[in-house]
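The values are calculated or read from the model by the stated rules, or taken from the named source; none is laboratory data. Not measured: the values here are computed from a predicted model. Cβ coordinates were reconstructed from backbone atoms using ideal geometry, including for glycine residues, and neighbour counts include every protein chain displayed.
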Amino acid sequence: MHKTLYIYRHGETDMNRNGIVQGSGVDAGLNELGRRQARAFYEQYKDSGIEIVLTSALRRTHETVQLFLEAGLPWEQLPDINEVCWGVHEGKKSTPEMIHEYKQVLSCWESGDMRVALTGGETAAEMVARLTRFVEWLKARPENTLLICSHGRAMRCLVCLLRGESPAKMNQYHHDNTGLWKVHFDGNRFAFELENDTRHLEGIERSKH
């Protein structure tokens, strides 16, 4: 069965703007710009034939898809597409020491060692396992057109899995707030039509202040 996936990152939060680590343990809502981004995305894609909305279990994705839900679309929350847990860094503004630790972990992941995590956090292997489970679950869904709202690091990993690439390559992918990845599944492989597309945000960022 052919499927079209609209996969996008949540809108901006104040923590995004202020450089505070959120991960899966900080459940922030959208700020004013984030709400405008979410509305712009909705206006652009509301007539795309979306049959179901899938989000993480975190509030910032719920608020990003709210207009689709108000339009009556069914919704499922999936902890498997939550953001990675950054452990003791969550809820804190990045310091040089934190950035150093973070880069050390990313370096291990890039070298293929997925068993490493920040203190109290989630390993890449754990994130890969739950996102792999999500992809297999997704393939079996009956819907043809699905909207998926997730998070930056989780989406880096998800894109690798959909491409059939090693998650060690996830740092090469970047996700702007509400940036869209449009993906087609033909029953065998995933093909990308759009990658982090933000054309729906034209004029939004310039007026944020």
Checklist outcome for this item: Restricting attention to the range 70-106, the residues that are more than 21 Å from the chain's Cα centre (by Cα) and among the polar types (S, T, N, Q) number exactly 2
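Here's the yes/no breakdown for (1) surrounded by fewer than 17 Cβ atoms within 10 Å (Cβ to Cβ); (2) in contact with a helix residue (DSSP H, G or I) (Cβ under 7 Å, 6 or more places away or on another chain); (3) charged (D, E, K, R):
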residue	(1), (2), (3)
Leu33	no, no, no
Asp47	yes, no, yes
Thr61	no, no, no
Leu67	yes, yes, no
His89	no, yes, no
Checklist outcome for this item: Within the range 177-195, residues within 29 Å of Met15 (Cα to Cα) and not in a strand (DSSP E or B) come out as Asn177, Thr178, Gly179
Checklist outcome for this item: With the first residue restricted to the range 102-118 and required to be farther than 15 Å from Arg153 by Cβ, and the second required to be assigned to a helix (DSSP H, G or I), Cβ contacts under 6 Å at 6 or more apart or on different chains are Gly112/Ala168; Arg115/Ala125
Checklist entry - Can you pull out the residues in the range 103-134 that are outside any loop (DSSP other than H, G, I, E, B) and crowded, with 16+ Cβ neighbours inside 10 Å? => result Val105, Cys108, Trp109, Glu110, Ala124, Met127, Val128, Arg130, Leu131, Phe134
Next on the checklist: Under 6 Å between Cβ atoms, which residue pairs at least 6 apart in sequence (or on different chains) link something in the range 33-45 that is on the phi < 0 side of the Ramachandran plot and modelled with pLDDT of 95 or more with a partner that is in a helix (DSSP H, G or I) and of a type in the set (Val, Ile, Thr)?
Outcome noted: Ala38/Thr64
